[in-house]
Amino acid sequence: MKYDDCMPMFTVDLHNHTPLIPSDYRGDVSTTPRQIVERALEVGIDVWGIADHWSVAYGSLVVAAAEAVAAETGRRLLVLPGAELRIRHAGEETHLVALFPPREVTLRFDALLAALGLRAPVAPLDELPYFAIDRDPLKVARLVHEAGGLCHAGHVDRSFGEYRFIDSGLVHELAECEHISAIELIDHSSRRHFRDGLAIAHIASSDSHSLEEMGRRTATLDMPELSFEGLKAAFAAARGACAR
């Protein structure tokens, strides 16, 4: 989404999974953090978000690999560690992606878990993709914000059999929530479902579970700099531009 012709544009892919949970990974579980970084750069990604279920344990490995590649080649990938959170409320299930500054991810994620009455690990490794909590997702988004993270709603137009979250009234509340930074869509035409015309950033992400799936869906954003704060500013500008 472009709002400022003078500002550099970056390609972002903010919802990806790593080999941390072998049962949830569709690629080779021996895939290394270095291979992930090199693949992201190969497909033209500038900002790569990690969204393993309920865990940020793999994040520091990819951040370190990105720093090593940048030192050796000059090619920079901003890695933003985070987690995908399954939230159930009033018969609906929301998948929120919480991203954090690379250097502070463990501290901030632990603060979020504590605010939710949890501590890491919230479940055995293989059970993390199925772990869910009963909370109001709007309140969880606020807690992510208070913990210093960015929170977007993941793949809201994904179908689960006959169930489509985008047909729920809750999806409008999320899109209008001040603590939700963006709405992630598989199909950009899905924005017509929103009663406000989707007045915040809408992004596409790979939701990758293998090297091959990385970069299959991306978004472009005007960012003042390649950093967590730059992404935060881009989302804030998108909300402001849509409101005008």
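Things worth noting here:
- The stretch 111-125 and the stretch 21-82: distance between their alpha carbon centers, rounded to Å: 23
- When only Cα pairs below 8 angstrom with a gap of at least 6 residues are kept, the chain shows a relative contact order of 25 percent.
- Contour minus Cα-Cα distance for residue 132 and residue 104 (0.36 nm per residue): 7.6 nm
- Cα point-scatterer Debye curve for the stretch 1-120, base-10 log of I(q)/I(0) at q = 0.09, 0.16 Å⁻¹: -0.28, -0.82
- The mean sequence distance of close C-alpha pairs (under 8 Å, at least 6 residues apart), as a share of the length of the stretch 128-198, puts its relative contact order at 32 percent.
- Surrounding net charge for residue 211, when Lys and Arg each add one and Asp and Glu each subtract one, Cβ distance under 12 Å: -1
- Comparing the stretch 57-139 with the 2.2 N^0.38 Å rule of thumb, its C-alpha radius of gyration ratio is 1.30 (two decimals).
- Taking every alpha-carbon pair under 8 Å whose residues sit at least 6 apart, the stretch 108-163 reaches a relative contact order of 37 percent.
- Accessible area per residue, Å², the chain with all protein chains present, probe 1.4 Å: 43
- Entry for Cα Rg over 2.2 N^0.38 Å (calculated from the structure that is shown) out of (i) 1.22; (ii) 1.73; (iii) 0.94: (iii)
- One decimal place: the segment residue 159-residue 115 gains 12.8 nm when fully extended, by the rule 0.36 nm per residue minus the C-alpha distance.
- Point-to-point label distance, residue 28-residue 172, nm (Cα→Cβ direction, 7 Å offset): 4.9
- Cβ-based net charge around residue 141, under 11 Å, with every Lys or Arg adding one and every Asp or Glu removing one: -1
- The alpha-carbon positions of the stretch 132-244 define a convex hull whose volume is 134 Å³ per residue.
- Rounded to 5, percent antiparallel among DSSP beta bridges of the chain: 55
- Put a dot 7 Å past the Cα of residue 73, heading toward its Cβ, do the same for residue 186, and the two dots end up 3.1 nm apart.
- By the equivalent-ellipsoid construction on the alpha carbon gyration tensor, the stretch 121-178 comes out with semi-axes of 21, 19, 9 Å, ordered largest to smallest.
The values are calculated or read from the model by the stated rules, or taken from the named source; none is laboratory data. Just so we're clear, the structure is a prediction, and the values are computed from it rather than from any experiment. Note: ideal-geometry Cβ built from the backbone for every residue, glycine included; neighbour counts use all protein chains shown. Remember, those area values only see protein heavy atoms, side chains included, never the ligands or the DNA or RNA. Shrake-Rupley method; radii C 1.70, N 1.55, O 1.52, S 1.80 Å.
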